[in-house]
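The values are calculated or read from the model by the stated rules, or taken from the named source; none is laboratory data. If you're wondering where the values come from, they're calculated on a predicted model, not measured in any experiment. Methodologically, a virtual Cβ is constructed for each residue, glycine included, from the backbone with ideal geometry; neighbour enumeration extends over all protein chains shown.
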Amino acid sequence: MEFTESVIMQYIADFILPFSRISALLMSMIGFGSKVIPGKVKLFLCVALTITVMPAIPAAQVDSLLSFQTTLLIFEQMIIGIALGFVTVMVLNTFTLAGQVIAMQTGLGFASLVDPVSGMNVPAVGQFFLILSTLMFWAMDGHLTYIQFVVASFETLPIGEYQFSPDKFKELAEWGSWMFATALSLALAPVTAMLLINFSFGIMTRAAPQLNIFSIGFPVTMCAGLLIMWLTMGNFYTHYELQWQRALEFSCHLINCKGR
């Protein structure tokens, strides 16, 4: 077999283009994209997945590997992978946002931890919700589902034959509204209960002005917040399942794999 320059360039293109899409997904997806995972492990996983799916991917029609058109193709593959991974980030940030809202309303926001994913200080309640939703993401094989999505996208969005529509960016931004809607619905019951408790403290202050409401109200509010969180924890799985189904449906729409 003769290895000419064109054959070698074609082999490299058949590896680089799928690698760009797969690596963009893994680097932006929740779990694999965490800063605590070494870069060498991520690189090895991306290379292994690319080599695995290469036989099932049609050969990319590239005239020249070192050209502006090929560079645009690489960026397009990265955008598709990042868009899919960003959906998973919004799903888990939904519950982090709900935990932050609950923490601020119950006085538990003073306890904060460093989020290893974003590197920012977040309330401990939000971190707890993030850990719980991450464990459910792994338990429901979310990582395998999105690997299947990115593999299926090579058939629905062929390399070099499909231009990623700008409307997809608008739909991705609009879908982010579900993150705030779901977070609000999850935190609505605890926030309403805390509003009633604070209203009761206001009545006590008017009825007995000699009571130091600030000295007794703060610990009571925190204890009540923990109790309310425990009573409403059963709603967590329901909201997660609904948000996860929305994410799957939107991801299918994003890569045009409806009906598959």
Can you tell me which residues in the stretch 25-46 are among the aliphatic types (A, V, I, L, M) and either touching a Leu at 6+ places or on another chain (Cβ under 8 Å) or at pLDDT 90 or above (or both)? L25, L26, M29, I30, L45
Output the number of residues of the stretch 179-205 satisfying the condition of being touching a helix residue (DSSP H, G or I) at 6+ places or on another chain (Cβ under 6 Å) and under 11 Å from T94 (Cα atoms). 5
Could you say whether any residue in the stretch 35-49 is in contact (Cβ under 8 Å) with a residue 40 or more places away in the chain, more than 20 Å from I159 (Cβ to Cβ) and not charged (D, E, K, R)? yes
Cβ-Cβ under 9 Å, sequence separation 6+ or interchain: first residue in the stretch 237-254 and among the charged types (D, E, K, R), partner surrounded by fewer than 16 Cβ atoms within 10 Å (Cβ to Cβ) and modelled with pLDDT under 90. Which pairs? E241/M140; E249/K258
Regarding the stretch 70-87, can at least one residue be identified that is modelled with pLDDT under 90, in contact with a helix residue (DSSP H, G or I) (Cβ under 8 Å, 6 or more places away or on another chain) and at positive phi? no
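So that you can scan it fast, the table gives a plain yes or no per residue for (1) more than 23 Å from P123 (Cβ to Cβ); (2) out of contact with any Ser or Thr (no Cβ under 9 Å at 6 or more places or on another chain); (3) modelled with pLDDT under 80; (4) exposed (fewer than 13 other Cβ atoms within 10 Å of the Cβ):
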| residue | (1), (2), (3), (4) |
| --- | --- |
| P190 | no, no, no, no |
| I203 | yes, yes, yes, yes |
| A207 | yes, yes, yes, yes |
| Q210 | yes, yes, yes, yes |
| P219 | no, yes, yes, yes |
| I228 | no, no, no, no |
| N235 | no, no, no, no |
Could you say whether any residue in the stretch 25-43 is of a type in the set (F, W, Y) and either surrounded by fewer than 17 Cβ atoms within 10 Å (Cβ to Cβ) or over 20 Å from the mean Cα position of the chain (by Cα) (or both)? no
Pairs under 7 Å by beta carbon, first residue surrounded by fewer than 17 Cβ atoms within 10 Å (Cβ to Cβ) in the stretch 67-87, partner of a type in the set (F, W, Y), six or more apart or different chains? I79/F164
